[in-house]
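Here's the structure, in structure tokens; my notes come after.
The values are calculated or read from the model by the stated rules, or taken from the named source; none is laboratory data. The shown structure was predicted, so the numbers you read here are calculated from the model rather than taken from an experiment. Neighbour counts run over all protein chains shown; Cβ positions are idealised from the backbone, glycine included.
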Amino acid sequence: MTRILAVDPGTKRLGIALSDPTGTIANPHSLLPHRSRGQDAQRIAEIANQFEVGCIVVGQALSSDGSVGPSGRSSQRLADAINEISDIQVILWDESGSTQTARETVIKLGNRQKRRIGHHDMIAAVIILQDYLDNRNIA
């Protein structure tokens, strides 16, 4: 089994999470400032190659009716950009609610508001990845 990488794409930052080598547990990895789609895809692919990742999961926000809105289309374009430069499989995964859950988690951890900036993006990536891992293991 190989590691899996997850991305919580945002307009300012991208949260990155990595699974353990068994593909069972999601862990926070890093927080990348958003630059451009191409540069973001390149940095994601570099991290994936560095950790010999077998799959990249990109969080995609879906509307309550399951449709893809502007944010979801942006995730699709990022996934397409990664696919253009890497042979690693890229999967879009519903991230609905992950950012709100991450914000609540960071607040519960007791971090001051100034120290919370950006942390929810990395925690959201962990939530997306753990959801993917748990659902993948059920199937």
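If you go through the stretch 50-80 one residue at a time, how many are in a loop (DSSP other than H, G, I, E, B) and not hydroxyl-bearing (S, T, Y)? So the answer is 8.
When you go through I47, I16 one by one, which is the residue that is hydrophobic (A, V, I, L, M, F, W, C) and in contact (Cβ under 8 Å) with a residue 60 or more places away in the chain?
Values: I47 fails: in contact (Cβ under 8 Å) with a residue 60 or more places away in the chain.
Unique residue meeting the criteria: I16.
Taken over the stretch 52-68, the criterion of being out of contact with any strand residue (DSSP E or B) (no Cβ under 6 Å at 6 or more places or on another chain) and at pLDDT 95 or above is satisfied by E52, G54.
In summary, I47 fulfils each of the numbered conditions (1) at pLDDT 80 or above; (2) surrounded by fewer than 16 Cβ atoms within 10 Å (Cβ to Cβ); (3) not in a strand (DSSP E or B) with the single exception of condition (2). If you filter the stretch 87-139 down to residues that are of a type in the set (G, A, S) and closer than 12 Å to V7 by Cα, you find that the one that is modelled with the highest pLDDT is A125.
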